[in-house]
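Here is the structure we will look at.
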Amino acid sequence: MTTTRTSRPAGDAGPTLADLDEDQLLERIFPALPGGPAVLVGPGDDTALLRARSGAVLATTDAMVRGRDWLDEWSTGEDVGRKLVAQNAADIAAMGGRTTALLVTLVADPATSVAWVSDMTTGLAAAAAEAGIAVVGGDLSSAPTGTLALSVTALGELDGEPVLRSGAQVGDQVAVHGTLGWSAAGLLLLQRDSATRAPDLVRYHRAPLPAYEEGPRAAASGATAMLDISDGLVRDAGRIAKASDVRIALDTGLLADDIGRLVPAVGADGARDCVLTGGEEHSLLACFPRAGVPSGWRAVGVVQDGSGVTVDGTVTVGGGWDHFARRATP
Ligand SMILES: [Mg+2]
């Protein structure tokens, strides 16, 4: 994926949301939104109407707030739109599901530039279309000076049973699909003003691109527990351990390639920290019966009797991102 960097910062020159009425803004947004086979009635009526193949619907939501979840200096509107899709579609994939539709809410200071909203819409629509996801509606609301926030609700469907966090069994292999630590390493480079050292890592931080189809594939392969890595490998592994009442033993020997990949960009200690505790990666972490790890997934540890998470045999607590503490926890 290449992210074109055409956005202007919010509040830049050009028309602002205050220059348009709601209908005029929606006329600019609606044509960009992808539809899909599940959509019986799309945007424009009071609600959308979706066809549900099975008798159950997956539902999840995720928000991004400027100044907390992104900075205009580092991320374009297009990046933010793409990241919103990734966060939500990865959560649906982590249940073993396929995302069918998104609903999007924009809460914005009227001084926000129309160009930023157009760029965000472009990124969101492109990422959704690439993943075969329809965007079927949402809401607009004005907000106090400086506020810019987005929330996406994702709906999805399952081919079979959902994969929960609570199904891991002693003896299972713990495996990952996708990158580890790229988003955190990209953020570190932005913070150090050295984004040019590894543009691919920075691009991944701005707009992660998880392999959503691996969620249903893992489910079909017999995954016993799964989630997407949003708050760091150790912390998210701990969520499976707690829900399943097991211990997850991670082995950095199995993570050597992941760590080695990041060393040139952020150094040896930084690389280890990014791989073990880096958040916003949205790669999938799952447990599989022994010898059942699907191709393309790589084992990173095993499920044992006990509780919590160990790294090379040492009990490891926390790590990763804590939203309300607004800090990375040790
Ligand atoms: Mg998740």
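Excluding ligands, DNA and RNA, what is the solvent-accessible area per residue of the chain at a probe of 1.4 Å, expressed in Å²?
Result: 44 Å² of accessible area for each residue.
Sorted by accessible area with a 1.4 angstrom probe, largest first, how do E161, E78, E27 fall?
Result, largest first: E161, E27, E78.
Please report, as a whole percent, how much of the solvent-accessible surface of the chain comes from carbon and sulfur atoms (probe radius 1.4 Å).
52 percent
If you fit an axis through the alpha-carbon atoms of helix 114-130 and take the longest principal axis of the Cα set of the chain, what angle between them do you get, 0 to 90°, nearest 10?
Roughly 50 degrees, rounded to the nearest 10.
Heads up, I need the accessible area for T310: 1.4 angstrom probe, whole protein in place, Å², nearest 10.
10 Å²
Would you calculate a helix-derived [θ] at 222 nm for the chain, using -39,500 (n - 2.57) for each DSSP H run of n ≥ 4 and dividing by the full residue count, to the nearest 500?
-9500 deg cm²/dmol
Please compute the Kirkwood hydrodynamic radius over the chain, one decimal place, Å, based on all pairs of different Cα atoms.
This gives a value of 20.4 Å.
Can you give me the long-range amide H partners of T100? Hydrogens built in the peptide plane at 1.01 Å from N, cutoff under 5 Å, separation of 5 or more residues or another chain.
L155, G156, E157
Taking θ = phi - 60°, what integer Hz values does the Karplus form 6.51 cos²θ - 1.76 cosθ + 1.60 yield along region 245-253, in sequence order, with x for Gly and Pro?
Computed from phi, the couplings for region 245-253 are 6, 9, 9, 10, 9, 8, 10, 5, x Hz.
Using only Cα atoms and rounding to the nearest 10 degrees, what angle (0 to 90) does helix 233-244 make with the longest principal axis of the chain?
Roughly 70 degrees between the two axes.
Within region 13-114, list the trypsin sites (Lys or Arg not before Pro) lying in a DSSP loop whose Cβ has at most 15 other Cβ atoms in a 10 Å radius.
R51, R53, R68
To two decimal places, what compactness ratio does region 26-158 give when its Cα radius of gyration is scaled by 2.2 N^0.38 Å?
That works out to 1.01 for region 26-158.
What accessible area, in Å² to the nearest ten, does a 1.4 Å probe give for V302?
50 Å²
Can you run phi through the Karplus equation (6.51, -1.76, 1.60; θ = phi - 60°) for region 61-77 and list ³J(HN,Hα) in whole Hz, with x for Gly and Pro?
8, 8, 10, 10, 10, 4, x, 10, 9, 7, 10, 4, 5, 10, 10, 7, x
Along region 217-222, what does the Karplus equation 6.51 cos²θ - 1.76 cosθ + 1.60 (θ = phi - 60°) give for ³J(HN,Hα), rounded to whole Hz, x for Gly and Pro?
3J(HN,Hα) across region 217-222, in whole Hz: 5, 4, 4, 5, 8, x.
Taking the Cα centroid of region 165-217 and of region 16-46, what is the distance between the two, rounded to the nearest whole Å?
Rounded to whole Å, the Cα centres lie 32 Å apart.
Could you pull out every residue, at least 5 positions away or on a different chain, whose amide H is within less than 5 Å of the one on G36? Hs are placed 1.01 Å off N in the peptide plane, and Pro or chain starts have none.
Amide H to amide H, under 5 Å and 5 or more residues apart or across chains, G36 pairs with nothing.
What are the residues whose amide H is under 5 Å from the amide H of W70, where those residues sit 5 or more places off or on another chain and H is modelled from the backbone?
Here the answer is V65, since their amide H atoms fall under 5 Å of that of W70.
Just for the Cα atoms in region 165-328, what are the lengths along the principal axes, largest first, rounded to whole Å?
Principal extents (largest minus smallest coordinate, Cα): 44, 31, 31 Å.
Given a 1.4 Å probe and heavy atoms of the protein chains only, how would you sort D159, D72, D269, largest accessible area at the top?
Most to least solvent-accessible, the answer reads D269, D159, D72.
The values are calculated or read from the model by the stated rules, or taken from the named source; none is laboratory data. Note that this is a predicted model, so its numbers are computed, not measured. Here Cβ is always computed from backbone atoms with ideal geometry, including for glycine, and neighbour counts include all displayed protein chains. Remember, those area values only see protein heavy atoms, side chains included, never the ligands or the DNA or RNA. Shrake-Rupley method; radii C 1.70, N 1.55, O 1.52, S 1.80 Å.
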